[in-house]
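The numbers here are math on the coordinates, done by the rules we state, and not lab data. Just so it is clear, the structure is predicted and the values come from calculations on it, not from any experiment. So basically every Cβ, Gly included, is an ideal-geometry build from the backbone, and we count neighbours across all protein chains shown.
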2 protein chains.
Amino acid sequence: MSPPEKGAPTTRTTRQRTAIEALLADTSSFTSAQHLHARLSAQGSSVGLSTVYRTLQAMADAGEVDVLRQGDGEALYRRCSPAHHHHLVCRECGRTVEVEGRDVEAWAVRVAQTHGFTDPTHDIEVFGTCPDCSR
Amino acid sequence: MSPPEKGAPTTRTTRQRTAIEALLADTSSFTSAQHLHARLSAQGSSVGLSTVYRTLQAMADAGEVDVLRQGDGEALYRRCSPAHHHHLVCRECGRTVEVEGRDVEAWAVRVAQTHGFTDPTHDIEVFGTCPDCSR
DNA sequence: CTTTGTGCAAAGGCTTTGCATGCTT
DNA sequence: AAGCATGCAAAGCCTTTGCACAAAG
């Protein structure tokens with residue numbers, strides 16, 4: 001079927017890819033592909049919208065960014081640390097804080113086991129209004 | 001602007017609404033609007049797709065069904081109990097179990113407070129393979 | 001009789017894909 | 001030179017909306 005899959009699929013260093021990664025590195029809140037595309041254009045380093053989508057998708061697959069599905073169908077992305085973690089997101093400005101949740105991890109596993117579900121996974125996000133926005 | 005809003009916004013009893021509620025009551029897994037529409041047609045009690053969407057949305061607003069955003073942008077619905085709860089969803093067949101999470105609720109609140117975030121809310125879903133599917 | 005619900009078809013918004021060209025290796 | 005990456009435009013998908021008609025209260 002498919003050739004003997006080896007490690008990481010080649011990722012070339014292009015101006016676009018670099019620009020996207022750089023911008024993402026400077027952003028601490030969740031952003032949409034479209035917004036990112038707009039910022040890149042405004043900033044001069046214009047990149048095709050499809051490229052933004054493709055790159056973001058690739059990074060998500062590689063675990064380099066976290067994806068959050070908004071209620072309106074728009075996907076939000078944010079760079080993230082490699083370790084497993086959860087987010088505390090400000091519902092006003094989108095600012096994000098990565099938090100750990102050993103307790104929650106354990107809870108999730110326990111819940112799954114209790115019902116005989118194997119191979120547990122979970123999606124957890126906490127929302128709130130951050131200090132700056134509630135002022 | 002708007003008239004003095006009183007209690008519940010009138011919900012009329014129509015054949016369509018009844019059919020949707022009935023089908024939902026018989027389903028214990030998350031379903032998409034389109035799938036629901038197809039099942040209704042197949043079952044004879046055909047209902048317009050827009051009506052399905054509108055009804056589902058109304059029920060979601062009323063807290064009669066839970067909404068789950070799939071990665072591909074399709075929304076999944078499922079009837080639910082009025083009390084606050086979370087879901088344990090089988091990633092194979094979609095079967096769902098409602099679970100409580102006092103511990104998690106507390107954790108979420110604590111996490112928010114720790115970072116000065118007010119008015120905490122959360123989205124939590126646990127996935128796994130159910131007994132029947134892992135067999 | 002008045003008001004809300006329904007259908008159909010068209011519009012919308014985000015995302016994906018086909019294909020020819022340019023750039024990285 | 002060989003192959004992935006990029007752009008543009010078109011296509012896809014799910015969902016929402018406008019409007020005229022039917023049904024509920």
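Worth pointing out:
- For region A:95-117, taking the residues that are more than 7 Å from chain B (Cβ to nearest Cβ) and not in a helix (DSSP H, G or I), the one that is nearest to residue B:110 (Cα to Cα) is identified as A:100.
- On the stretch given as region A:33-90, residues that are more than 9 Å from DNA strand C (Cβ to nearest atom) and among the acidic types (Asp, Glu) total 3.
- Options A:54, A:79: the member that is farther than 22 Å from residue B:127 by Cβ, surrounded by fewer than 16 Cβ atoms within 10 Å (Cβ to Cβ) and not β-branched (Val, Ile, Thr): A:54
- Residue A:12 out of contact with any Lys or Arg (no Cβ under 8 Å at 6 or more places or on another chain) and away from chain B (no Cβ under 14 Å): yes
- Listed by first and then second residue, the pairs with beta-carbon distance under 8 Å, at least 6 apart or on different chains, first residue in region A:50-69 and assigned to a helix (DSSP H, G or I), second within 11 Å of DNA strand D (Cβ to nearest atom) and polar (S, T, N, Q), are A:51/A:16; A:55/A:16; A:58/A:11.
- Considering region A:118-135, and only residues there that are under 22 Å from residue A:69 (Cβ atoms) and either among the small types (Gly, Ala, Ser) or in a loop (DSSP other than H, G, I, E, B) (or both), the residue that is nearest to the other protein chains (Cβ to nearest Cβ) turns out to be A:128.
- Check on residue B:29, within 29 Å of residue A:108 (Cβ to Cβ), away from DNA strand C (no atom under 11 Å from the Cβ), surrounded by fewer than 12 Cβ atoms within 10 Å (Cβ to Cβ) and touching a residue at least 12 places away in the same chain (Cβ under 8 Å): no
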